Amino acid sequence: MDPTPEKRRAIAKWIIGIAASCILLFLGVQNIGAVADVISQGIGLIMPLLTGAAIAVILNVPMRFFEAYIWTTTQKPILRKLRRPISFLLALVIIIAAVAGVIGLVIPELVNALVIVAQGIIDLFNQLNAMSEAELEALPFGSILLSIDWNQFTVSIQNWLKNEGGAIFNFAFGTVTSLINAVVNFFVCFVFAVYILFNKEKLKNQSCRLVRAWLPKGFGEWVLHAASVSNVTFRNFISGQSLEAVILGSLCTVGMLILRIPYAPMVGALVGATALIPVVGAFIGTVIGAFMILTVAPFKAVIFVIFLLILQQIEGNLIYPKVMGHRVNLPGMWIFAAVTVGGSISGPIGMLLSVPISSIAYTLVKEATQNRERKLAKKQKQ
C-alpha cells in the first residue's frame, strides 16, 4: 500500500535532514580548524554569562537555605518581598566573610615569613662581606664566591635592567590592564548572577515552556527531568565540597596543634580553603604552609609535610568518598573512579566536574534501568 501524502512528506523531511547533517558533518571535518576557531570565539563571547551562571549556582546554596527559614509563614507583603534580598545579602556576607577570614589569617603571616627570609638573606650578605678572604675560602663554597667578580656582576644586572626596562614596563602595564579587565568582567558576571538569583522561578518557567514547545513531548520531559537532577546534584556537590574543606582544615589544625607545629590555625584555614581546588589546591596549601613553618622551625616543616601527605591520603581515600557519596548519591567506588578518569581527561578541572557529572549519569541510568525492568516484568506477567 502506498504511503499517504503526510507520511511521504515526513519521510522526505527525514531524508533531507539526514543528508543535510551528513553534508554539514563532512564540511566541518574538512574545515576543522575554522570550526574550532568559531567555537572558541563563541565560547569566549558567552563565557561571562557562563561564569555568572556558575556564580549563581554557588550563591544559591546558602541563599536557598536562608529562604527556607526567613519569614516563610508571614502574610505581610513587605516582608515577603524582602525575604529574597535579605537571603542574598546573608549568603554574600557569609562567602565574603569566609574569604576575608582566610586572607586575614594567611596574608599577614605570609608577609612576616617573607620579611624573615629577606632579613636572613641581608644578614648573610653582611656576614659574608665582613669576612676576610681566608675566612671565605674556608667555607664549603668559598672558592666559588671568591672567583666571582661581584663588580662585574652588578654592572651586568644594571645593564640588563636598562635593556629590558621597556619589556618589564610593557609586562607590568599588560598585567595591570588584564587585572582591570578581570575586575570589569567579574562585575558583569556578578550582575548576571544577581539577575538569575532574583528571577530564578521566572527563568525556570520560561525554560520549561521553551523545551515543551520546541522538543518532542517524551524527549522534552526527559530533558527537564535531567535538568532537575543536575540542579540538585550540583547543589549537593557544592555543599558537600564545602563540608569536606571544613573537615580537612579542622583535622589539619588539630593535628598541627597535637604535633606542636607553628601557624596551626592559619595553615589549617589555608589547607581547608585550597582543598576546594582538586590536586593543585592541596599542592598550594602544602607548599605555602611548609614555607612559612620553615622560616621559624625547619624540622617542624618536614614533619608538617609528612603529616599533611598522610592526612590527604586518608581524606582522599576514606573521608571524601563517604562525604561526597552521601551528598551526591554516588557510591564511593564510583567517586574514586570518576576522579581518576576526570583527572586523566582534563586535569584539575576534570577532577572537579567529574563527581557531579558522574552522579547525574548514575542517577539517570539507574532510573532508566528501573523503568526498563518494570516494563520487562509487566511483559513477563502478560
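All of the numbers you see were taken from the coordinates with simple rules; none came from a lab. Computed from a predicted structure; not experimentally measured. All Cβ positions, glycine included, derive from the backbone under ideal geometry; neighbour counts span all protein chains shown.
Summary of computed values
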{"quantity": "Vicinal HN-Hα couplings computed from phi for region 24-37 (Karplus, 6.51 cos²θ - 1.76 cosθ + 1.60; Hz; Gly/Pro x)", "calculated": "5, 5, 5, 5, x, 5, 5, 10, 4, x, 5, 5, 5, 5"}
{"quantity": "Principal axis dimensions, largest first and in whole angstrom, of region 246-327 by Cα", "calculated": "41, 24, 18"}
{"quantity": "Burial ranking of peptide ranges 284-290, 41-47 (average Cβ count within 10 Å, highest at the top)", "calculated": "284-290, 41-47"}
{"quantity": "Among 265-275, 53-63, 207-217, 95-105, the order from most to least packed when residues are scored by Cβ within 10 Å on average", "calculated": "265-275, 53-63, 95-105, 207-217"}
{"quantity": "Value at 222 nm in deg cm²/dmol, rounded to 500, when DSSP H runs of n ≥ 4 in the chain each add -39,500 (n - 2.57)", "calculated": "-31000 deg cm²/dmol"}
{"quantity": "Inter-probe distance in nm under a simple model that places probes 7 Å from Cα toward Cβ, at LYS378 and PHE125", "calculated": "8.3 nm"}
{"quantity": "For region 1-127, radius of gyration divided by Kirkwood radius, i.e. Rg to Rh on alpha-carbons", "calculated": "1.36"}
{"quantity": "Qualifying lysines (Cα of each under 26 Å from Cα of LYS366; at least 8 residues distant if same chain)", "calculated": "LYS204, LYS217, LYS322, LYS375, LYS378, LYS379, LYS381"}
{"quantity": "Quarter of Cα convex hull surface for the chain, i.e. mean projection, nm²", "calculated": "34.5 nm²"}
